[in-house]
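The values are calculated or read from the model by the stated rules, or taken from the named source; none is laboratory data. Small disclaimer: the values here were computed from a predicted structure and weren't measured. Quick reminder, even Gly has a Cβ in these numbers, built from the backbone with ideal geometry, and neighbours come from all protein chains shown. These accessible areas exclude ligands, DNA and RNA; they are computed on the full protein's heavy atoms, side chains included. Shrake-Rupley method; radii C 1.70, N 1.55, O 1.52, S 1.80 Å.
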Amino acid sequence: MYMIESKGGAIICMLLALFFLGTWPAIMTLTERRGRLPQHTYLDYTITNLLAAVIIAFTLGQIGPSRPNFITQLSQDNWQSVMFAMAGGIVLSLGNLATQYAWAFVGLSVTEVITASITVVIGTTLNYFLDDRINRAEVLFPGVACFLVAVCLGSAVHKSNAADNKSKLQDFKSLETASSSQIETNQANSRLAKGKAKEGTAEFLVELEKQRAIKVFGKSTIIGLAITFFAGLCFSLFSPAFNLATNDQWHTLKHGVPKLNVYTAFFYFSVSAFVIALILNIRFLYWPILGLPRSSFKAYLNDWNGRGWSLLAGFLCGFGNGLQFMGGQAAGYAAADAVQALPLVSTFWGILLFGEYRRSSRRTYVLLTSMLFMFIVAIAVLMASSGHRK
């Protein structure tokens with residue numbers, strides 16, 4: 001199997017993971033805003049997410065002089081570590097599923113900020129102690145503090161932007177409780193008056209509400225924030241679980257049994273994530289939540305609108321997670337949590353693709369800039385804390 005041994009190689013893995021993990025949520029948001037049911041999107045995503053782990057296992061997990069390789073470990077008595085890896089996959093799958101609904105309520109940027117910050121504050125602390133403190137605490141924890149500040153700024157950005165949107169919508173009477181027919185009338189009038197709605201305007205927000213799969217007008221943003229914080233708690237546990245699977249800090253393996261390598265652990269991790277996602281999303285097809293329309297497995301198979309994007313999102317997330325774990329095994333999983341600065345990437349896509357924060361107030365722009373600055377500082381500090389696993 002191929003192993004990352006240098007700090008420089010680990011940092012390259014982290015930077016690539018940062019880009020991949022910051023891009024796939026934007027693609028998922030794109031399909032939802034175009035009206036594709038999240039159940040359909042997530043089922044496609046889970047297929048290629050697992051496929052990415054299989055590709056990594058049978059390539060990087062098999063080449064090179066290091067032993068044992070991926071196939072050899074499949075038959076070894078290492079079920080204790082396998083359980084940790086699969087537990088990590090389950091909580092990651094639950095977190096990813098939750099964020100897909102949170103994006104609609106509070107936006108891509110704020111969702112990624114809050115979940116990433118919770119992940120770093122809790123997950124990085126756990127990984128630091130699990131890794132026997134190979135990362136420099138005097139550098140690592142100031143980076144964690146930057147993420148904690150970022151989550152506060154993220155909440156302030158959301159509150160300020162929500163107030164901006166409410167102000168934009170003041171000309172649409174009783175929009176919070178408007179029926180779909182009223183929304184259609186407003187939309188038609190807007191188009192007649194100004195043509196295609198411009199991003200950031202009230203007409204744009206109404207048009208988006210009409211088109212998107214998850215309807216959010218008239219629903220409390222507290223729901224979105226609650227889902228976001230739940231996702232963050234799930235994300236904070238998957239990396240420590242993976243750390244336990246590959247390094248056996250609790251000495252659960254029998255004497256003489258090799259520890260799971262990154263590729264074998266990632267394979268089991270992805271299998272469990274696939275199974276839980278498959279079960280929950282098939283259930284949501286027939287018993288949807290948050291007012292989504294009911295669907296069926298047949299309807300999912302026939303829905304090719306946006307399928308290519310959904311499959312691409314799964315590949316990006318799968319390879320991103322694999323690169324994060326490869327970097328973490330070399331330089332410490334606490335430092336690898338620097339990839340949770342993915343809001344730097346997702347905010348860029350949110351502004352570029354979805355017009356988030358267009359025509360917002362100066363206060364919102366100041367808060368947004370401050371939030372992004374804290375992430376830049378955090379990622380630099382966390383990567384500087386990288387150690388070397390002996």
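Using a probe radius of 1.4 angstrom, the carbon and sulfur fraction of the accessible surface of segment 78-173 is 66%.
In a fully extended conformation the segment linking ILE71 and ILE376 would gain 105.8 nm over its present Cα-Cα distance, using 0.36 nm per residue.
Here the extension length gained between ILE47 and ALA162 equals 37.9 nm, from 0.36 nm per residue of separation less the Cα-Cα distance. Between LEU292 and TRP79, the modelled labels are 3.5 nm apart [label points 7 Å from Cα along Cα→Cβ]. Here segment 255-321 has 71 percent of its accessible surface on carbon and sulfur atoms, given a 1.4 Å probe and all protein chains in place. Taking other residues whose beta carbon is less than 15 angstrom from the beta carbon of THR125, and scoring Lys, Arg as +1 and Asp, Glu as -1, yields -2. What share of Cα pairs, in percent, lie more than 41 angstrom apart in the chain? The share of Cα pairs beyond 41 Å in the chain comes to 15 percent. What number comes out for the charge environment of VAL113, summing +1 per Lys or Arg and -1 per Asp or Glu over other residues with Cβ under 14 Å away? Taking every Cβ under 14 Å from that of VAL113, the sum is -1. In this structure LYS7 has an accessible area near 100 Å², from a 1.4 Å probe over the protein heavy atoms. Taking other residues whose beta carbon is less than 13 angstrom from the beta carbon of PRO68, and scoring Lys, Arg as +1 and Asp, Glu as -1, yields +1.
Take the Cα of ALA145, step 7 Å toward its Cβ, do the same at ILE223, and the gap between the two points is 3.9 nm. Any chance you could check the Cα centroid distance between segment 297-372 and segment 1-76 for me, in angstrom? Here the answer is 14 Å between Cα centres. Going by the alpha-carbon gyration tensor, a ≥ b ≥ c the square roots of its eigenvalues, is segment 214-370 rounded (a/c under 1.5) or, if a/c is not under 1.5, prolate (a/b greater than b/c) versus oblate? The shape class here is oblate. Accessible surface calculations at 1.4 Å, restricted to protein heavy atoms, place the chain at 42 Å² per residue.
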